[in-house]
1. Which of rounded, prolate or oblate describes the stretch 156-308 when judged by the alpha-carbon gyration tensor and an a/c cut-off of 1.5?
2. Report the full-extension gain for the segment ARG130 to ALA81: residue separation times 0.36 nm, less the Cα-Cα distance, to one decimal in nm.
3. If you wrap a convex hull around the Cα atoms of the stretch 161-248, how much volume per residue is inside, in Å³?
4. Assuming a ≥ b ≥ c are the square roots of the Cα gyration tensor eigenvalues, decide whether the stretch 7-298 counts as rounded (a/c under 1.5), prolate (otherwise, with a/b larger than b/c) or oblate.
5. Which length gain, in nm to one decimal place, applies between LEU15 and LYS244 when the Cα-Cα distance is subtracted from 0.36 nm times their residue separation?
6. What nm value, rounded to one decimal, do you get for the distance between VAL214 and THR61 when each label is placed 7 Å out toward the C-beta?
7. Report, in whole Å, the centroid distance computed from the Cα atoms of the stretch 177-200 and the stretch 218-266.
8. For the stretch 110-236, what number results from the quotient of the Cα radius of gyration and 2.2 N^0.38 Å?
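Read the figures in this text as sums done on the coordinates, not as results from a lab. Every value quoted in this text rests on a predicted model; they were computed, and no experiment measured them. Glycine also receives a Cβ, built like all others from the backbone with ideal geometry; neighbour counts cover every protein chain displayed.
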Amino acid sequence: MSSTPPPQKQGTGLLFAVGAYGLWGILPVFFLALMPASPVEIVAARILLSLVFCFVLIAITRSGLAFAATLRDRRSMLLLALAGVLILTNWLTYVFAATTGHVVEAALGYFLNPIVTVLLGVFLLRERLRPLQWTAIGLSAVAALVLAIGYGSVPWIALILAFSFGIYGLVKKQVGPRVDAITGLTIETMWLSPLALAALIVIGVTTGLTTGTVSAWHTALMLSAGVVTAVPLLFFAAAARRLKLTVLGLSQYLAPLLQFLFGVIALHEDMPFERWVGFGLVWVALLILTIDMFTAGRGPRRSALEPA
């Protein structure tokens, strides 16, 4: 029996995917609107407000039993604690990039993420690469060298984003389907909430919190951080249930593309010739990976690390 979802489900799934990656793609606009809040204040508020919103969702969806079962699963709890540390690293780096004029480099990180995922499969899961995958990795290595020359230093923001999110996806795969999206995000933010609360207290008694002191609009935006965090995740979960992996994998390029266009067109970030060459090589590598994904999907099933 065919595993291809019916056309109606595919159409709905594609709308959810575009919604998820589209919202992730315009996140820099949201974080810039939260200035002059610091990246630490933004991320700390995002963690605590996401936790509150997730508890509301658990109550609405009546998924308390699944949440309680995960709390009793020691392995899942430890893996989600590790996932929390990784997503904290990713969020802090991304907010720092968005608020300091490095949106293009952040976009590069998410363009590199599928390639990092393949590398993790090689080094951590001992998987064997196909020739096209090796070609894509080789091109990415050349691109990294060209971009390092273009930036005048190692593009550490892009690398931290790519590897933190790549490893986060790998950890979430180890948790498996027994932990749904809402439960997973709830427990990750639970692990991080004491640290987030401590950070807000320290900021409050030193430099002072911006929340409630800038404007009513700024406060409303800050208080919406939990919804802004959780809604794309729920859209993504809905898309993943309705779309084939190949279609979902192609959809992920929408977010970094929107970020890249926003950085270049709206923020006028520098794009010297070396960066265009480096980005061009990354895009060619992604095209090769996409071709390999489709050709491998038509052949016999082989071992491969799925996109996170």
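1. Working: a/c = 2.28, a/b = 1.38, b/c = 1.65.
It comes out oblate by the Cα gyration axes.
2. 14.3 nm
3. 139 Å³
4. Taking the square roots of the gyration eigenvalues as a ≥ b ≥ c, the stretch 7-298 is oblate.
5. Values: separation 229, 0.36 × 229 = 82.44 nm, distance 1.36 nm.
Full extension from LEU15 to LYS244 adds 81.1 nm.
6. 3.0 nm
7. Measuring centre to centre over Cα atoms gives 19 Å.
8. Values: Rg = 19.6 Å, N = 127, 2.2 N^0.38 = 13.9 Å.
For the stretch 110-236, the normalised Cα radius of gyration comes out at 1.41.
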